[in-house]
Every structure is written in C-alpha cells, then in structure tokens.
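The values are calculated or read from the model by the stated rules, or taken from the named source; none is laboratory data. Only a predicted model underlies this, so the values are computations on that prediction, with no experimental measurement involved. Positions of Cβ are backbone-derived with ideal geometry, glycine not excepted, and every protein chain shown enters the neighbour counts. Accessible surface areas use protein heavy atoms only, side chains included; no ligands, DNA or RNA. Shrake-Rupley method; radii C 1.70, N 1.55, O 1.52, S 1.80 Å.
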Amino acid sequence: MEKDIHVVITMMRIIIAEVIVVIELFLTFAKIGLFTFGGGYAMISLIQDICVEKKKWISHDEMMDITVIAESTPGPIAINCATYVGYKKRGMVGAVAATAGVILPSFIIIYLISLFLDSFLEIAWIASAFKGIKIAVGILILDAALKMIIKMPKKPFQLFVLITVFLIMMAVNLFSIKISSISLLIAAGLCSLVTFWVRNKINGEGRSI
C-alpha cells in the first residue's frame with residue numbers, strides 16, 4: 001500500500017513539474033509577444049536574450065540554426081522559433097504552448113485596435129509613441145544581428161557570404177534595386193551546398209590517395 005502511494009506521489013510530482021514547464025513556456029513567449037513591436041525580426045533579439053542567455057533552453061549555435069530554418073520555412077520567423085524551442089523543451093505540448101504564447105498577445109491587441117481603429121490612429125500621443133518605437137525596433141534587429149555575427153564561426157566562406165549579402169542589401173536600399181531577400185537566401189544556400197560538395201570531394205580524394 002505504501003509503495004503504491006509512493007508511486008502515485010512520484011507520478012503527481014512529475015506531472016506537476018511538466019505542467020509548470022509548459023506554463024513557463026507559455027508565459028515566457030507571451031511576454032515576448034506582448035512587449036515586442038516590429039514583427040518577428042525584432043522578437044529574435046528578445047528570444048535570444050531570454051531563451052539563450054537567461055534560461056539556457058538552447059545554445060547560441062542552435063539559435064543561429066533556428067533563425068536560418070525559421071526564415072527558410074513558411075510562416076512568421078518568431079512563431080517558427082517559438083515552436084522549435086517549445087518542441088525541444090516538452091515535445092508537441094511545449095510547441096503548442098510556446099506558439100500560443102507568442103501569438104495570443106498580438107492577436108488580442110490587434111483585435112482590440114481594429115474595433116477602434118479610426119479613433120486610435122487620431123490620438124496624438126499614440127502616434128508619437130510609435131515614432132519612437134520604430135527606432136527601438138531597428139535597434140533590436142541590429143542587436144540580434146550583431147550578437148549572431150559575434151558568435152558566428154569566423155571561417156572564410158561564411159565571412160565572404162556575410163560581406164557579400166551585406167553589400168548587396170546596402171546597394172538595394174541605396175539605389176532602389178529590386179532584389180528579393182528570398183533570392184539572396186537561395187543563392188547563399190546554393191553556395192553553401194557547392195562549397196560543402198567540393199570540400200567533401202577534395203577530402204575524399206585526399207583519403208583515397
């Protein structure tokens with residue numbers, strides 16, 4: 001009888017611990033979704049700060065991989081990042097909790113704003129606040145990019161791709177050249193695949209010799 005009680009207590013503790021983690025995932029990403037303006041790219045900095053630096057849920061390398069994969073797959077980048085982190089922590093339940101957390105605040109806020117959109121846009125102090133928020137969003141995106149560049153392995157090919165894409169994007173903005181960011185992603189991916197294939201080919205030939 002005592003053994004059965006001990007088993008039940010142990011099971012209850014495990015269940016409670018799992019529920020606490022799922023709730024923590026939901027609340028953490030709800031906080032990110034609630035206090036981040038400017039879309040997914042602005043959220044990356046906050047996700048990196050909380051999930052990598054503070055909670056240690058994922059590593060810096062994983063964060064970089066998640067960002068690349070989330071950008072290359074359908075759907076908003078922040079939602080894809082949240083789904084991955086949640087899945088890694090607690091499987092499908094964690095993925096649903098993290099995704100719901102990052103979506104719900106934005107959905108509720110946009111829904112409330114849509115009810116009073118005309119009067120909302122006419123409020124002077126709100127319009128002024130959003131001008132400042134735009135600057136903060138740019139800084140958040142730059143902060144996330146700088147952290148990733150610092151943590152990125154400084155290999156010649158990676159530095160070449162980084163500098164090339166940066167120069168292309170500068171030209172796009174300065175001279176109003178129409179180049180899709182998707183094209184740059186595909187081009188960078190193809191360059192990586194070719195480099196990987198050539199490197200493996202050379203290494204294979206070296207071993208056979």
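Does V19 fit the bill of being free of Cβ contacts under 8 Å to residues at least 40 places away in the same chain and in contact with a His (Cβ under 9 Å, 6 or more places away or on another chain)? Against the criterion (free of Cβ contacts under 8 Å to residues at least 40 places away in the same chain and in contact with a His (Cβ under 9 Å, 6 or more places away or on another chain)), V19 does not qualify. For A187, the conditions (1) at pLDDT below 75; (2) surrounded by 14 or more Cβ atoms within 10 Å (Cβ to Cβ); (3) aliphatic (A, V, I, L, M) all hold with the exception of (1).
From the set of residues in segment 74-102 that are of a type in the set (V, I, T) and open to solvent by 60 Å² or more (accessible area, probe 1.4 Å), which is farthest from the chain's Cα centre (by Cα)? If you could, list the steps in order and put the result at the bottom.
Initial filter on segment 74-102 (of a type in the set (V, I, T)): 77, 79, 83, 85, 93, 96, 99, 102.
If we keep only those that are open to solvent by 60 Å² or more (accessible area, probe 1.4 Å) too, we end up with 93, 96.
On the way: V93: 19, V96: 16 Å.
Among residues in segment 74-102 that are of a type in the set (V, I, T) and open to solvent by 60 Å² or more (accessible area, probe 1.4 Å), the one farthest from the chain's Cα centre (by Cα) is V93.
Looking at segment 30-45 only, could you name the residues that are under 20 Å from I150 (Cα atoms) and open to solvent by 50 Å² or more (accessible area, probe 1.4 Å)?
To start, the set of residues in segment 30-45 that are under 20 Å from I150 (Cα atoms) comprises 41-45.
Hit for segment 30-45 is Y41, nothing else.
Residues in segment 147-161 that are part of a helix (DSSP H, G or I) and at pLDDT below 75: how many? Walk me through how you get there before you give the answer.
Filtering segment 147-161 for residues part of a helix (DSSP H, G or I) gives 147-151, 156-161.
Checking the rest, the ones that are also at pLDDT below 75 come to 147-151, 157-158, 161.
Matching residues across segment 147-161 total 8.
Please work out if I202 is in a helix (DSSP H, G or I), exposed (fewer than 12 other Cβ atoms within 10 Å of the Cβ), of a type in the set (V, I, T) and modelled with pLDDT under 80. Answer is yes for this residue. Counting only residues that are within 16 Å of E24 (Cβ to Cβ) and in contact (Cβ under 8 Å) with a residue 24 or more places away in the chain, segment 49-73 holds 4 of them. Among the conditions (1) in a loop (DSSP other than H, G, I, E, B); (2) touching a Lys or Arg at 6+ places or on another chain (Cβ under 7 Å); (3) open to solvent by 30 Å² or more (accessible area, probe 1.4 Å), V22 misses just one, which is (1). Evaluated against (1) assigned to a helix (DSSP H, G or I); (2) surrounded by fewer than 14 Cβ atoms within 10 Å (Cβ to Cβ), K56 falls short on exactly one condition, (1).
For segment 170-184, a residue qualifies if it is open to solvent by 60 Å² or more (accessible area, probe 1.4 Å), among the hydrophobic types (A, V, I, L, M, F, W, C) and within 23 Å of M63 (Cα to Cα), and exactly one does: I182.
Restricting to segment 105-121, name every residue that is modelled with pLDDT of 70 or more, open to solvent by 50 Å² or more (accessible area, probe 1.4 Å) and in a helix (DSSP H, G or I). Break it down stepwise before answering.
If we filter segment 105-121 for residues that are modelled with pLDDT of 70 or more, which is where we start, we get 105-116.
With open to solvent by 50 Å² or more (accessible area, probe 1.4 Å) added as a condition, the list becomes 107-112, 114-116.
If the condition is that a residue be modelled with pLDDT of 70 or more, open to solvent by 50 Å² or more (accessible area, probe 1.4 Å) and in a helix (DSSP H, G or I), then F107, I108, I109, I110, Y111, L112, S114, L115 are the ones that fit.
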